[in-house]
Amino acid sequence: MGALASRPPAPGFRKGVWYDHDGRVDRSVYDDLREGAHPRRPLDRRVPLAEAAHPGYDGYWEDEVVMVFVPDKPCAAEHLLVVPRDNALRNVRSLTPAHAPLLEHMREVARVQLLARVGRADSPAHGDGRFEYSYHVPPFNSIDHLHLHAFALPFDSLARRFKYLPHTPWCVAHDRLVASLRARGDDLAQKLR
């Protein structure tokens, strides 16, 4: 017998995502945030990301492709999440070589937004400029909607550093992910299993 085919998720809410009866993503918690339905981040409190106070529950930025915000529990001098507006991308295992330009856009947006935040005199990373970009690998991802973690170093603690340590079974660096997609042209799901 051949390998078992993976079944689509059952309908319901898991890992921050609502699935329909066909196992497709209906919406995610990030959709709530974008629409202002997140209870701690209503639209009337939203301010530009570069102006938001650290840890900044209100800071938000978006373009046609991605949204960027400070997570509920930032763990570095500056910590941003960059999330594609397309919620069908569940995690790094759902990526193909065609997604490399999206990932590059996500990283560039993160870089620009981190530079704006680090440039503020009240930033804990003011003037430092050491950045890292990474993705969690399933099953270690907390939300099944692809998102990039962008950091201006240092981390708040060794434990938090460990959680986002690239080149581990639970976390992959942005550059390694994109290089893998471009160089091999194969589905990353094969490489990360």
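When residues in the range 130-180 are screened for being among the β-branched types (Val, Ile, Thr) and assigned to a loop (DSSP other than H, G, I, E, B), 2 of them pass. Across the range 140-152, the number of residues qualifying as more than 15 Å from Ser94 (Cα to Cα) and loosely packed, with under 15 Cβ neighbours inside 10 Å comes to 1. Restricting attention to the range 75-88, the residues that are at pLDDT 90 or above and surrounded by 20 or more Cβ atoms within 10 Å (Cβ to Cβ) total 7. Scanning the range 102-135 for residues that are at pLDDT 95 or above, surrounded by fewer than 20 Cβ atoms within 10 Å (Cβ to Cβ) and not acidic (Asp, Glu) yields Leu102, His105, Arg107.
Return yes or no: is Val109 within 18 Å of His174 (Cα to Cα), touching a helix residue (DSSP H, G or I) at 6+ places or on another chain (Cβ under 8 Å) and not in a loop (DSSP other than H, G, I, E, B)? It is false that Val109 is within 18 Å of His174 (Cα to Cα), touching a helix residue (DSSP H, G or I) at 6+ places or on another chain (Cβ under 8 Å) and not in a loop (DSSP other than H, G, I, E, B). Scanning the range 67-79 for residues that are of a type in the set (A, V, I, L, M, F, W, C) and either touching a helix residue (DSSP H, G or I) at 6+ places or on another chain (Cβ under 6 Å) or not in a strand (DSSP E or B) (or both) yields a total of 4.
The values are calculated or read from the model by the stated rules, or taken from the named source; none is laboratory data. Only a predicted model underlies this, so the values are computations on that prediction, with no experimental measurement involved. Note: ideal-geometry Cβ built from the backbone for every residue, glycine included; neighbour counts use all protein chains shown.
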